[in-house]
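The structure appears right after this line, and notes come after that.
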Amino acid sequence: MPKPLSDLTPDMQSFFQNAMADFMEIDSVTGTMPGERGGGLGPTFNGNSCAQCHAFPVIGGSSPATNPQVELATLDGAMNSVPSFITSAGPVREVRFVRNPDGSADGGVHGLFTIRGRTDASGCDLRQPNFAQQLAAGNVIFRIPTPTFGLGLVEATPDSTLLANVAANRQIKSQLGISGALNSSGNDGTVTRFGWKAQNKSLMVFAGEAYNVEQGVSNEAFVNERSAVTGCVYNGSPEDVTKMVDDSGSSTGTAQQMSSDLVNFAAFMRLSAPPAPAAMSNSAANGGNLFNSVGCALCHTATLTTGMSKFTGMSNVTYHPYSDFALHHMGPRLADGVSQGAAGPDQFRTAPLWGLGQRLFFLHDGRTSDLLQAIQAHASDCGSGRSRFGGNVSQSCGSEANDVIRRFNSLNRSQMQDVLTFLRSL
């Protein structure tokens, strides 16, 4: 099981453990199905529990070895077909369409499944999107779950620290074609840092969006029901709220008991300990030196420090995420055609590498389980200057990682293996 940060007070540790129970809660439509006590599922959804998708190596991680979405398609009588890109041995995936039918930008999540046919959704006739048609049109991109461990430390890192880190080593970065910029909130201009394109400001927003988009549960951050078609809405909105009274009608209880699922999801992520690295072998130590020397660490920043925090044990903490949390142009090879905030069609947040040794699928869409292939996919020359989505993906078109990958490819096989060993130790 995941662990809380070690320096939390006993009360905070207890809150973490109870919040994790909510993170593991299984949702049904009305909360009346046996073993599915949470309510609000659908009308469209990709999963019925946070822990279903964030499952490996433990609760809070990323995709498990066996994809639970296959069985979820027909759970409780649901009448869904399993799309071709969802397989038992493949990663948990969400689907985004790049364009709307009129050619305008889409970029939003389209739920894999609907509640049609479920025994707790009588009367709903909402059908799945025509994924085969959208695939044939080249209009489908995928995202896989990001690990949630240690995210309270990321949230507690001041904007100034992240800005200074991106500005550091500017000359070296420029020589290697690396720029990078932090995504930011359109409301207050502060740094956003969660999600594949760093599109979410806080863990509360991150959790609220996921609850609404992945499970279809409206909540205090995202109050409107998605796909609220006639005959498919069974609850008032928002479906997840602060509990004014508990199930027995009492207005007293612990903070965790009275909190909404949304608050508990955010607390679970915020109070979780970061991944623990493995013991460093000689090969891994050499690989770490090579990781730095070829330039990987210019984006995958090894060390950051939090600011002052209201949570015990989280103030002025040095941690090792191996990310600058900035956006970088990755070129046509990885481009997904989707813009989120300041992030353009080929820009992605530097993926944190801590815990990499305990992941099964790599890159934003889970396209490979081969770590070397994932590294090589960072290289992407301009070519025709156009992505498969029908347009220039960035001004320079190529990946900011091209020169770093060329330097990596100049290593001999033993050195490359040392780098892989290092990454697997994180």
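Do we have G61 as surrounded by 16 or more Cβ atoms within 10 Å (Cβ to Cβ) and in contact (Cβ under 8 Å) with a residue 60 or more places away in the chain here?
On the way: surrounded by 16 or more Cβ atoms within 10 Å (Cβ to Cβ): yes; in contact (Cβ under 8 Å) with a residue 60 or more places away in the chain: yes.
Judged against the criteria, G61 is a match.
Name every residue in the range 1-12 that is in contact (Cβ under 8 Å) with a residue 40 or more places away in the chain and surrounded by fewer than 17 Cβ atoms within 10 Å (Cβ to Cβ), in order of residue number.
If we filter the range 1-12 for residues that are in contact (Cβ under 8 Å) with a residue 40 or more places away in the chain, which is where we start, we get 1-9, 12.
Result: M1, K3, S6, D7, T9.
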Test: residue in the range 374-386 that is polar (S, T, N, Q), under 27 Å from Q199 (Cβ atoms), outside any loop (DSSP other than H, G, I, E, B) and modelled with pLDDT of 95 or more: yes
Near pairs, Cβ below 7 angstrom, 6+ apart or cross-chain, from the range 397-412 (farther than 21 Å from A326 by Cβ) to any residue that is buried (at least 17 other Cβ atoms within 10 Å of the Cβ): L411/L290
Pairs with Cβ under 7 Å, 6+ apart, first in the range 111-132 and more than 17 Å from R96 (Cα to Cα) and in the same structural domain as N235 (by TED's automatic domain parsing), second hydrophobic (A, V, I, L, M, F, W, C) and outside any loop (DSSP other than H, G, I, E, B): D120/M33
When residues of the range 99-125 are limited to those that are of a type in the set (A, V, I, L, M) and surrounded by 22 or more Cβ atoms within 10 Å (Cβ to Cβ), the one nearest to L363 (Cα to Cα): L112
Filter pass, F45 being within 17 Å of I115 (Cα to Cα) and within 24 Å of the chain's Cα centre (by Cα): yes
Failed item, numbered, when G253 is tested on (1) over 20 Å from C50 (Cβ atoms); (2) small (G, A, S); (3) outside any helix (DSSP H, G or I); (4) touching a residue at least 12 places away in the same chain (Cβ under 8 Å): (4)
Hits in the range 19-63 (condition: modelled with pLDDT under 95 and in a helix (DSSP H, G or I)): none
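Residues checked against (1) more than 30 Å from I172 (Cβ to Cβ); (2) aliphatic (A, V, I, L, M); (3) part of a helix (DSSP H, G or I):
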site	(1), (2), (3)
S237	yes, no, no
K243	yes, no, no
Q257	yes, no, yes
F265	yes, no, yes
S293	no, no, yes
A297	no, yes, yes
S309	yes, no, no
S315	yes, no, no
Residue in the range 228-240 that is at positive phi and over 17 Å from the mean Cα position of the chain (by Cα) present: yes
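The values are calculated or read from the model by the stated rules, or taken from the named source; none is laboratory data. Just so it is clear, the structure is predicted and the values come from calculations on it, not from any experiment. With ideal geometry, Cβ positions are generated from the backbone for all residues, glycine too; neighbour counts draw on all protein chains shown.
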